[in-house]
Amino acid sequence: MWKKPEEQSVAPNVSANQQNAGARPERNDRSNVAIIGQSICIKGEVTGAEDLIVEGSVEGMIDLKQNAVTIGKGGRVKANIFGKVIQVHGEVVGDLTASEQIVIHESGTVRGNVSGPRVALKDGARLKGAINTDADAAKQALKTSEASAKASLNGSKSHLPSSSHAVV
């Protein structure tokens with residue numbers, strides 16, 4: 001006569017840290033996401049085949065052309081970044097090159113050139129540099145990054161952009 005209401009499926013427990021982390025990419029499978037925590041400082045080249053979230057600091061180069069790179073609100077990066085999709089919530093000094101999209105969020109600051117087929121600046125985002133939305137130029141820059149990465153492995157230094165950028 002009386003039916004017990006069916007229980008709805010409940011999502012697995014999510015920590016308060018994950019709930020408040022607006023800078024994290026939306027993914028069901030977090031096994032392919034690497035996180036550089038707030039207390040971590042990396043100097044050198046970051047490469048791999050996983051999406052990356054930076055909450056700490058990185059100095060050098062981030063080369064994840066086939067993956068998403070997210071700079072969290074606590075992230076401080078002094079590096080050129082190459083990725084599929086790049087999202088900035090924190091601070092970046094260096095050029096951003098994406099094969100699909102770059103988003104600089106309201107809390108994000110970039111001092112460097114931005115190149116990708118789709119570029120979005122949220123209200124309040126700060127950018128000091130040039131914007132290039134030519135898809136062919138972005139692809140060429142990604143290919144050039146491979147050559148510079150090989151050169152850096154052979155002992156030459158990676159060059160970060162100078163402080164003289166056009167103000168946008």
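For segment 25-102, which GluC sites (Glu not before Pro) are in a loop by DSSP, counting at most 11 other Cβ atoms within 10 Å?
Values: sites: 26, 45, 50, 55, 59, 91, 100; in loops: 26, 50, 55.
Taking segment 25-102 and a limit of 11 other Cβ atoms within 10 Å, the loop GluC sites (Glu not before Pro) found are 26.
Which loop-located trypsin sites (Lys or Arg not before Pro) does segment 76-121 contain, where loop means any DSSP state but H, G, I, E or B and the Cβ has at most 14 other Cβ atoms within 10 Å? Write out the running numbers ahead of the final one.
Details: sites: 76, 78, 84, 111, 118; in loops: 118.
Filter output for segment 76-121: 118.
Multiplying the sequence separation of residue 126 and residue 73 by 0.36 nm and subtracting their Cα-Cα distance, what value in nm do you get? Numbers along the way, then the final one.
Details: separation 53, 0.36 × 53 = 19.08 nm, distance 1.34 nm.
Answer, rounded to one decimal: 17.7 nm.
Take every Cα pair under 8 Å in segment 46-127 that's 6+ residues apart, average their separations, divide by the length, and report that relative contact order as a whole percent.
Values: 256 pairs, mean separation 17.2, N = 82.
Relative contact order, segment 46-127: 21 percent.
For residue 100 and residue 43 in the same chain, what is the full-extension length gain: residue separation times 0.36 nm, less their Cα-Cα distance, in nm? Don't skip to the end; give the middle numbers.
On the way: separation 57, 0.36 × 57 = 20.52 nm, distance 2.64 nm.
Working it through step by step, the gained length comes to 17.9 nm.
Take the alpha carbon gyration tensor of segment 33-148, find the square roots of its eigenvalues, order them as a ≥ b ≥ c, and report rounded if a/c is under 1.5; if not, report prolate when a/b exceeds b/c, else oblate.
Working: a/c = 1.65, a/b = 1.13, b/c = 1.46.
The shape class here is oblate.
Starting from the Cα of residue 118, step 7 Å toward the Cβ, then list every residue of segment 82-105 with an amide N under 12 Å from that point.
Only 85-86, 99-103 pass the distance filter.
No value in this document is a laboratory result; all are computed from the given coordinates. Just so it is clear, the model here is predicted, and its values are computed rather than measured. We place every Cβ from the backbone using ideal geometry, glycine too, and count neighbours over all the protein chains shown.
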